Amino acid sequence: MMPHIFELLVVLLGGIPKSGYMNHISKVLRDYPGTRWAMMLLVSFLMAANYFFYDVLSPLKATLQEHLNMSSQDYGIIVGFYAFPNTFLLMAILGGIILDKLGIRPTGFLFAVFMLIGASLTAYGASDYFHQGGIGYKFMSSFLTGYSPEVKMMSLGMLIFGLGAETSIVVTSKILVKWFKGYEIALAFGINLALARIGTALAFVLPESMAQAFNYTTPVWFGVMLLLIGFLGFLIYMMYDIKLDRQVKDSERLLSKDEEFHFSDLKKLFTNRSFLFITALCVTFYAAVFPFLKYAPDFIYHKYGISRETAGLVASFLPFGTVVFTPLFGLFVDKIGKSASMMIYGSVMLIIIHLLFGLTGFNPYVLMILLGIAFSLVPAAMWPSVAKIVPEARIGTAYGAMFSLQNLGLFAVPILAGTILDSTNPGVTPEMIEAGAQLNYTPTILMFVIFGVLGVIFAFLLKWDDKHSGYGLELPSNSKEN
């Protein structure tokens, strides 16, 4: 019943006409604007649920520390373990290779299941049932006794969630290239990121009130429910993906042997200077943003002396800002171009904003909005640019490699931030914080500035190399020649 309802929605959005639906040969599904945008909405919901769960622990940091007797370093370990499989096991790049070899449907299905399992284990590890000796508690108490069973169970859950989450984003990226290349690809990436960051924004706005109204684990379980709904939506997408592949086989052609992915393509990928520069930019830029967001509500609470609920609201201005600006910058890239320049501007803005956060008392609302603009400029230009630099047959592997290396920062930086925070605030315990003690976040924020400086360097190198390589990163992207 649901697929039929969704098919009607596609038609209403301006997709392929109902009459002659399966017999239409001159055009395939992606040639109809309503159809390709409906596919983007389907996969974007799963990505939004992914982003929600990734950030849902951020506003709960102090609450988790109080209920589970954790340090800032413990918290950093939990959120950092998200990136462990993609950093040390290279699962994002392996997932990208699997994606290029097996295709979108089996890869997307498998890694969405990993997300569900990992999210459920994370929520379970934080629950009162587990804390009071539930299933697995005794086992988690039997090793690495310096860490609590809750920290170990939640870290395991985040590890499995991260195993699925990053490759799922790679799958979404390849889906957008598949449906939008030659059309509004930068706008599609922009709207996809905007919708995903609604998930991030809600993760900063909802948890505090949900925890107060119900239980401190309620927001985490809510994230699990969103992932389940997104998974069901992906199953619907798979039906349309099958139809598109059949139409491509009938009306165009399958990939020829020289267009298929080969493992020798990895050498071509990692000897491409533009790809190496854009990957390095990806790693350093995201290392200065996502780990910062993990601590942003707590930082704002201590720096500006406002309530935790208001601090979460202030932090949400960043993702809410990207909801507005990322599609606009994506549309700009499609129509005007200037992708390489936009990546430089966004990286420079990032440095200035972190310096203002760390060294001044400048209005946090304004700074978070500006950070949202910077965080819109770079991704809106960067992700569509990969489709210019890398052939489509290697695009999954390319995105996978970028996400794997990006996860090096997402794994190490939250732990490093927590370690710096603990070491620069010696003797400050969770009980003292609950009683009103303030943490000094300045050294931690200045650490993020360093990553911003590295990002600017790689952005300039990318623009320099584009002039020699001729990929056309400064040219508009809404042309089928790109």
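Just to be sure I understand, how many residues within the stretch 413-427 are of a type in the set (S, T, N, Q) and out of contact with any helix residue (DSSP H, G or I) (no Cβ under 7 Å at 6 or more places or on another chain)?
Residues in the stretch 413-427 being of a type in the set (S, T, N, Q) and out of contact with any helix residue (DSSP H, G or I) (no Cβ under 7 Å at 6 or more places or on another chain): 2 in total.
Six or more apart or on different chains, Cβ atoms under 6 Å: show the pairs whose first residue is in the stretch 279-305 and touching a residue at least 24 places away in the same chain (Cβ under 8 Å) and more than 26 Å from PRO384 (Cα to Cα) and whose second is surrounded by fewer than 23 Cβ atoms within 10 Å (Cβ to Cβ) and polar (S, T, N, Q).
From residues that are touching a residue at least 24 places away in the same chain (Cβ under 8 Å) and more than 26 Å from PRO384 (Cα to Cα), the pairs are LYS294/SER58; PRO297/SER58; HIS302/GLN438.
Checking ASN363 against (1) buried (at least 24 other Cβ atoms within 10 Å of the Cβ); (2) under 23 Å from LEU313 (Cβ atoms); (3) polar (S, T, N, Q): exactly one of these is not met. Which one?
(1)
If LEU64 passes every condition in (1) among the aliphatic types (A, V, I, L, M); (2) surrounded by 22 or more Cβ atoms within 10 Å (Cβ to Cβ); (3) within 22 Å of SER404 (Cα to Cα) but one, which one does it miss?
Among (1) among the aliphatic types (A, V, I, L, M); (2) surrounded by 22 or more Cβ atoms within 10 Å (Cβ to Cβ); (3) within 22 Å of SER404 (Cα to Cα), the lone unmet condition for LEU64 is (3).
Please specify each residue of the stretch 148-165 satisfying the condition of being farther than 21 Å from TYR129 by Cβ and either among the small types (Gly, Ala, Ser) or touching a Lys or Arg at 6+ places or on another chain (Cβ under 8 Å) (or both).
Those that are farther than 21 Å from TYR129 by Cβ and either among the small types (Gly, Ala, Ser) or touching a Lys or Arg at 6+ places or on another chain (Cβ under 8 Å) (or both): GLY162, GLY164, ALA165.
Restricting attention to the stretch 400-432, report how many residues are hydroxyl-bearing (Ser, Thr, Tyr) and in a helix (DSSP H, G or I).
Number satisfying all stated conditions: 3.
So that you can scan it fast, the table gives a plain yes or no per residue for (1) under 20 Å from ARG273 (Cβ atoms); (2) acidic (Asp, Glu); (3) touching a residue at least 24 places away in the same chain (Cβ under 8 Å):
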residue	(1), (2), (3)
THR429	no, no, no
THR444	no, no, yes
ASP465	yes, yes, yes
GLY472	yes, no, yes
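Considering only residues that are of a type outside the set (A, V, I, L, M), surrounded by fewer than 22 Cβ atoms within 10 Å (Cβ to Cβ) and in a helix (DSSP H, G or I), which ones fall in the stretch 366-393?
Pass one, the stretch 366-393, residues of a type outside the set (A, V, I, L, M): 372, 375-376, 379, 383-385, 388, 391-392.
Subsequent filtering for residues that are surrounded by fewer than 22 Cβ atoms within 10 Å (Cβ to Cβ) retains 388, 391-392.
Selection gives LYS388, GLU392.
Given the condition at pLDDT below 85 and surrounded by fewer than 16 Cβ atoms within 10 Å (Cβ to Cβ), answer yes or no: does some residue in the stretch 449-458 qualify?
Looking only at the stretch 449-458, we keep the residues that are at pLDDT below 85, and these are none.
Within the stretch 449-458 (the criterion being at pLDDT below 85 and surrounded by fewer than 16 Cβ atoms within 10 Å (Cβ to Cβ)), the answer is no, since none of the residues qualifies.
What helices (runs of 4 or more DSSP H) lie completely within the stretch 121-220 and have 1 or more residues being basic (Lys, Arg) and in contact (Cβ under 8 Å) with a residue 12 or more places away in the chain?
Ranges flagged: 149-180, 185-213.
Can you name every residue in the stretch 207-219 that is under 19 Å from PHE292 (Cα atoms) and modelled with pLDDT of 85 or more?
Once the filter is applied, which keeps residues that are under 19 Å from PHE292 (Cα atoms) and modelled with pLDDT of 85 or more, the stretch 207-219 yields nothing.
What is the number of the single condition among (1) within 30 Å of ASP465 (Cβ to Cβ); (2) surrounded by 20 or more Cβ atoms within 10 Å (Cβ to Cβ); (3) in contact (Cβ under 8 Å) with a residue 40 or more places away in the chain; (4) of a type outside the set (Phe, Trp, Tyr) that VAL314 does not meet?
Among (1) within 30 Å of ASP465 (Cβ to Cβ); (2) surrounded by 20 or more Cβ atoms within 10 Å (Cβ to Cβ); (3) in contact (Cβ under 8 Å) with a residue 40 or more places away in the chain; (4) of a type outside the set (Phe, Trp, Tyr), the lone unmet condition for VAL314 is (1).
Pull up the stretch 70-115, narrow it to residues that are in a loop (DSSP other than H, G, I, E, B) and modelled with pLDDT of 80 or more, then point me to the one that is nearest to GLN406 (Cα to Cα).
Restricting to residues being in a loop (DSSP other than H, G, I, E, B) and modelled with pLDDT of 80 or more, the top hit is GLY103.
Kindly indicate whether any position in the stretch 277-297 is in a helix (DSSP H, G or I), of a type in the set (Lys, Arg) and over 22 Å from the mean Cα position of the chain (by Cα).
Taking every residue of the stretch 277-297 in turn, none turns out to be in a helix (DSSP H, G or I), of a type in the set (Lys, Arg) and over 22 Å from the mean Cα position of the chain (by Cα).
The values are calculated or read from the model by the stated rules, or taken from the named source; none is laboratory data. Nothing here was measured: the structure is a model prediction, and the numbers come from that model. Cβ atoms come from the backbone with ideal geometry, glycine included; neighbour counts cover every protein chain shown.
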